[in-house]
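> Quick one: the structure is below, questions incoming.
The values are calculated or read from the model by the stated rules, or taken from the named source; none is laboratory data. Quick caveat: nothing in here was measured; it's all calculated off a predicted structure. Counting neighbours? That spans all protein chains shown, and the Cβs are built from the backbone with ideal geometry, glycine included.
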Amino acid sequence: MGRTRKGERQTALVTGASAGIGVDLAECFAKDGYNLILAARTESALREVADRLAKTHGITATPIAADLGAIGGGKKLADEIEKRGLSVDVVVNNAGYGQAGAFNGSDAAVQLGMIDLNDRALVELTHIYWPTMMANKRGGVLNVASSAAFQPGPLMAIYYASKAFVLSFSEALWEEARDTGVKVSCLCPGPTVSKFRERAGTGKTRLSRAGTPMSSMSVARMGYDAWQANKRVEVTGMRNRVTASLAPFLPRTMLLRIVRNLQSPL
Ligand SMILES: NC(=O)c1ccc[n+]([C@@H]2O[C@H](COP(=O)([O-])OP(=O)(O)OC[C@H]3O[C@@H](n4cnc5c(N)ncnc54)[C@H](OP(=O)(O)O)[C@@H]3O)[C@@H](O)[C@H]2O)c1
């Protein structure tokens, strides 16, 4: 008889699983035998990912198209999951986007939409599945924040603030879940190869020239391993780790100038 895999008879819901880091996070769970529910807006891409992972890893993968930026999008997705007779043991809140530029003159719908997706939907989904996880004493939440979470971000203010929220919320939940068997981790990637930059418009900032972005699979693997170990916070890459740990010790005005400089156009 084959070896039992870690995720046997458990299901991970991965949001933003049609592209980038989410696809690779889904693969990490699939490799360990977790069944998958994959959510994002682009159904064709989700289906492709689901078919590939199901075939390669011998799991079931269900793609569900969902706009999580819409108010109530998380509840709508959960209703659809229930309608299909599926349950969720692990929530991977990965869907998110950023927008570079000054707050003045920015598009309100884009700014508020970022909060709706990066924060509101993340809380909504976590709130829906958290009681079952706590009752079952297993499963948990893997939230994707950013290295942006560790300081305010002039010229990308809402994105940085939205990720600071994710970090703070995740750390609080980690403590609430201590000794329950429910695992909580906050993955904080630095620049990573994906479609993020295209949508965020960060390709023309000084920060974009400051180093080589990591591959989405290496970032996903670090996040997955951290979650399995119930590590509270995982910052990817040595440079990002050093920066994140120095941020609280720098004079705030200096820190703000440095970030503004990095977020300035080339
Ligand atoms: N790449 C980086 O440099 C970087 C750095 C730090 C943190 N992050 C974070 O990592 C996470 C994943 O980003 P990524 O780099 O993989 O970017 P990506 O390649 O742009 O992928 C984003 C994913 O989110 C989904 N998504 C976007 N809007 C959505 C909506 N309204 N409803 C449902 N799904 C939606 C996208 O699918 P659809 O378009 O099909 O909906 C896609 O699957 C994000 O939270 C991002 O903030 C990225």
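> From the set of residues in the range 6-26 that are part of a loop (DSSP other than H, G, I, E, B) and touching a Lys or Arg at 6+ places or on another chain (Cβ under 8 Å), which is surrounded by the most Cβ atoms within 10 Å (Cβ to Cβ)? Working first, answer last.
First pass over the range 6-26, keeping only residues part of a loop (DSSP other than H, G, I, E, B): 6-10, 16-19.
Still in the running and touching a Lys or Arg at 6+ places or on another chain (Cβ under 8 Å): 10, 18-19.
Working: 10: 19, 18: 26, 19: 16.
Taking the candidates together, the pick is 18.
> Kindly indicate the residue of the range 135-150 that is of a type outside the set (S, T, N, Q) and over 26 Å from residue 9 (Cβ atoms) and also farthest from the ligand (Cβ to nearest atom) among those meeting that condition.
Just the residues of the range 135-150 that are of a type outside the set (S, T, N, Q), to begin with: 135, 137-142, 144-145, 148-150.
With the extra rule that they be over 26 Å from residue 9 (Cβ atoms), the set shrinks to 145, 148-150.
Working: 145: 7, 148: 7, 149: 9, 150: 12 Å.
It comes out as 150.
> Please tell me if residue 38 is surrounded by 23 or more Cβ atoms within 10 Å (Cβ to Cβ), more than 11 Å from the ligand (Cβ to nearest atom), of a type outside the set (Ser, Thr, Tyr) and under 18 Å from the mean Cα position of the chain (by Cα).
Here the answer is no, as residue 38 does not meet what is asked.
> Please indicate, with yes or no, whether at least one residue in the range 181-202 is surrounded by 14 or more Cβ atoms within 10 Å (Cβ to Cβ), farther than 23 Å from residue 233 by Cα and among the hydroxyl-bearing types (Ser, Thr, Tyr).
Yes, there is a match, as at least one residue in the range 181-202 is surrounded by 14 or more Cβ atoms within 10 Å (Cβ to Cβ), farther than 23 Å from residue 233 by Cα and among the hydroxyl-bearing types (Ser, Thr, Tyr).
> Whether any residue in the range 46-68 is within 12 Å of the ligand (Cβ to nearest atom) and touching a Pro at 6+ places or on another chain (Cβ under 6 Å) is what I want to check.
yes
> May I pose another question? Go through 230, 261 for me and flag whichever is more than 11 Å from the ligand (Cβ to nearest atom) and closer than 20 Å to residue 93 by Cα. Write out each step before concluding.
Numbers: 261 fails: closer than 20 Å to residue 93 by Cα.
Going through 230, 261 in turn, the sole match is 230.
> Considering only residues that are within 24 Å of residue 163 (Cα to Cα), in contact with a strand residue (DSSP E or B) (Cβ under 8 Å, 6 or more places away or on another chain) and among the polar types (S, T, N, Q), which ones fall in the range 47-99?
93, 94
> Sticking with this structure for a sec: Would you check which residues across the range 159-217 are of a type in the set (S, T, N, Q), closer than 24 Å to residue 230 by Cα and out of contact with any helix residue (DSSP H, G or I) (no Cβ under 7 Å at 6 or more places or on another chain) and list them?
168, 170, 215
> Out of everything in the range 194-224 that is under 18 Å from residue 241 (Cα atoms) and among the β-branched types (Val, Ile, Thr), what residue ends up being modelled with the lowest pLDDT?
Out of the qualifying residues, it is 212.
> Just checking, does the range 153-162 include any residue being within 9 Å of the ligand (Cβ to nearest atom), part of a helix (DSSP H, G or I) and not aromatic (Phe, Trp, Tyr)?
yes
> I would also like to ask the following. Name the residues in the range 209-256 that are surrounded by 13 or more Cβ atoms within 10 Å (Cβ to Cβ), part of a helix (DSSP H, G or I) and of a type outside the set (A, V, I, L, M), would you?
Residues satisfying the conditions are 216, 218, 221, 223, 224, 225, 227, 228, 239, 240, 241, 243.
> Related question: Considering each residue of the range 80-115, count those that are crowded, with 20+ Cβ neighbours inside 10 Å and either within 12 Å of the ligand (Cβ to nearest atom) or part of a strand (DSSP E or B) (or both), and give that number.
Total meeting the criteria: 10.
> Let me ask something else. I'd like to know if the range 159-176 contains one or more residues that are surrounded by fewer than 19 Cβ atoms within 10 Å (Cβ to Cβ) and at positive phi.
No, the range 159-176 contains no residue that is surrounded by fewer than 19 Cβ atoms within 10 Å (Cβ to Cβ) and at positive phi.
> Residues to consider are 202, 132, 180; find the one that is of a type outside the set (A, V, I, L, M), more than 19 Å from residue 40 (Cα to Cα), in contact (Cβ under 8 Å) with a residue 12 or more places away in the chain and within 12 Å of the ligand (Cβ to nearest atom).
202
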